[in-house]
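The structure appears right after this line, and notes come after that.
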Amino acid sequence: QVQLVESGGGLVQAGGSLRLSCTASGRTFSTNAMAWFRQAPGKEREFVATISWSGGSTNYADSVKGRFTISRDNTKNTVYLQMSSLKFEDTAVYYCAAAPSLWGTVVAGTYAYWGQGTQVTVSS
């Protein structure tokens with residue numbers, strides 16, 4: 001019932017910034033935790049960041065701490081990922097995910113709903 005649609009991906013130079021957005025529609029409960037994952041070709045899906053339903057708790061992968069910021073606007077049913085100081089190794093398809101729980105996890109299998117992804121390519 002829940003649909004997630006990502007936007008904001010594109011090509012950016014190393015050191016640059018992008019902001020990804022994920023908008024949810026359907027049965028968008030306030031109890032849903034949301035997260036961002038990414039996947040490069042030939043790689044497993046990798047945790048990036050998660051945020052609790054209220055936005056009061058966030059968690060980041062070590063590889064993006066200090067560079068990425070996750071936030072949400074529940075009035076718009078939207079979660080954001082602000083990415084700064086981008087590196088070539090950040091190149092991947094970025095996926096938005098949602099779970100029917102108050103708190104998110106770093107495990108992809110715990111998320112029930114997924115967007116189709118948006119490509120982020122960082123040139124070096």
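The values are calculated or read from the model by the stated rules, or taken from the named source; none is laboratory data. Just so it is clear, the model here is predicted, and its values are computed rather than measured. Side chains are part of the model used for accessible areas, which takes the heavy atoms of the whole protein and leaves out ligands, DNA and RNA. Shrake-Rupley method; radii C 1.70, N 1.55, O 1.52, S 1.80 Å.
Some points to look at:
- Percent RCO, i.e. relative contact order, over segment 19-124, from Cα pairs under 8 Å lying at least 6 residues apart: 33 percent
- Rounded percent of accessible protein surface that carbon and sulfur make up, the chain, 1.4 Å probe: 50 percent
- Per the Kirkwood formula applied to alpha carbons, segment 76-124 shows a radius of gyration over Rh ratio, Rg over Rh, of 1.02.
- Our Cα-only numbers for the chain put the radius of gyration and Dmax at 13.3, 41 Å.
- Accessible area per residue in Å² at 1.4 Å probe, computed on the chain: 52 Å²
- Segment 53-124 and segment 5-49 have their alpha-carbon centroids 5 Å apart.
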